[in-house]
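Structure record follows, encoded as structure tokens.
FYI, it's all coordinate maths here, none of it is from the lab. None of these values were measured; they are calculated from a predicted model. Virtual Cβ from ideal backbone geometry, glycine too; neighbours counted across all protein chains shown.
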Amino acid sequence: MDDRPIGVFDSGFGGLTVARALMDLLPGEDLVYVGDTGRYPYGPRPLGEVRDFARQITRKLVAEHGVKMVVVACNTASAAALDLLRFEEDVPLVGVIEPGLRATIRATRTGRVGVIGTVGTIASGAYQRAAAAWRARGLTLTCAACPGFVEFVERGELASDQVLVLAERLLAPVRDAGIDTLLLGCTHYPFLARTISDVVGREVVLVSSAEETAFEVRRILEDTGLGRRTAKDGHRTWISSGDVAEFRRLGRRLLCPEIDAVVHWSPGN
């Protein structure tokens, strides 16, 4: 039994979808969540800058909170930094790209799948590289960047006319490609699932990487013996680099009513 917590981080609220899945699947595990809301969104930033942010937060989680694993619950950070972090850190690291893509491939019937993500994630080619091994088996991948989606989620505007108009424009490439499965390649996007489904068609299966990532975490804990076996619910620590009151308010409303006290962290410290 390993009582150390699991560390999770994202640019803001999107990673709460992963935190929710972890809490549901592994209720006895302690969790430390860092939402870097003071520097969100990561998507438009240069990947080198995102890599620096990811390294800083990972080191904080390992050095200050003694985590036994780090979940990079951000597609942009996973694309920018996951390989480097695995080289630099001694704890297991899990991203959201490969688990999400595996779930998408299992769900498709025709092999025509789409991925939507931030500008940084799509431009990095991370999903395209991860999907290359399946192309010989008939997989056709269509990717589209969706700038602006994250900002709508962070403001809590999930069903406005403005987000619908934006979605109709940005999702046109994947809709026109005749996909049957769409991977929401940003942890913020499940909050916009209804709008996205209205645009691409209700017959298109939407896949979120959150649950698959949680299953990957459980598998690693079981394989390495790092799991925490207890009947008690784990302790959760919530950290934000931005406005802690806003993080608590919006985080509780979106996904995690368990969010109570939120600790402020200044990245410059």
In the neighbourhood of G201 defined by beta carbon distances under 10 Å, the net charge of the other residues (Lys, Arg +1; Asp, Glu -1) is -1
Rounded to the nearest 500, what is the 222 nm mean residue ellipticity of the chain from helices alone, with -39500 (n - 2.57) per DSSP H run of 4+ residues and division by all residues? -14000 deg cm²/dmol
Given (i) 18.5; (ii) 20.4; (iii) 19.3 as possible values of Kirkwood radius over Cα pairs in Å, the one from the coordinates is (i)
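Is the shape of the stretch 199-269 best called rounded, prolate or oblate, per the rule: a/c under 1.5 gives rounded, else a/b larger than b/c gives prolate, else oblate, with a ≥ b ≥ c the square roots of the Cα gyration tensor eigenvalues?
Taking the square roots of the gyration eigenvalues as a ≥ b ≥ c, the stretch 199-269 is oblate.
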Distance between Cα centroids, the stretch 137-211 to the stretch 81-97: provide it in whole Å. 27 Å
State, to one decimal in nm, how far the label point of V263 lies from the label point of E203, with both points 7 Å from Cα in the Cβ direction. 5.1 nm
Going 7 Å from the Cα of K232 toward and past its Cβ, which residues in the stretch 63-92 have a backbone nitrogen under 19 Å from where you end up? 66-68
Could you tell me which of C143, A130, L183 has its Cα farthest along the dipole of the stretch 97-209 towards the positive end, charges placed at Cβ (Lys, Arg +1; Asp, Glu -1), taken about the Cα centre? A130
When DSSP beta bridges are limited to those with both residues in the stretch 97-209, what percentage is antiparallel, rounded to the nearest 5? 0 percent
Taking the chain and dividing mean pair separation by its residue count, relative contact order in percent (alpha carbons under 8 Å, at least six apart): 27 percent
Mean separation of Cα contacts under 8 Å (at least 6 apart) over the residue count of the stretch 97-209, i.e. the relative contact order in percent, is 36 percent
By the gyration tensor of its Cα atoms, with a ≥ b ≥ c the square roots of the eigenvalues, what is the shape of the stretch 1-92: rounded for a/c under 1.5, prolate for a/b over b/c, or oblate? oblate
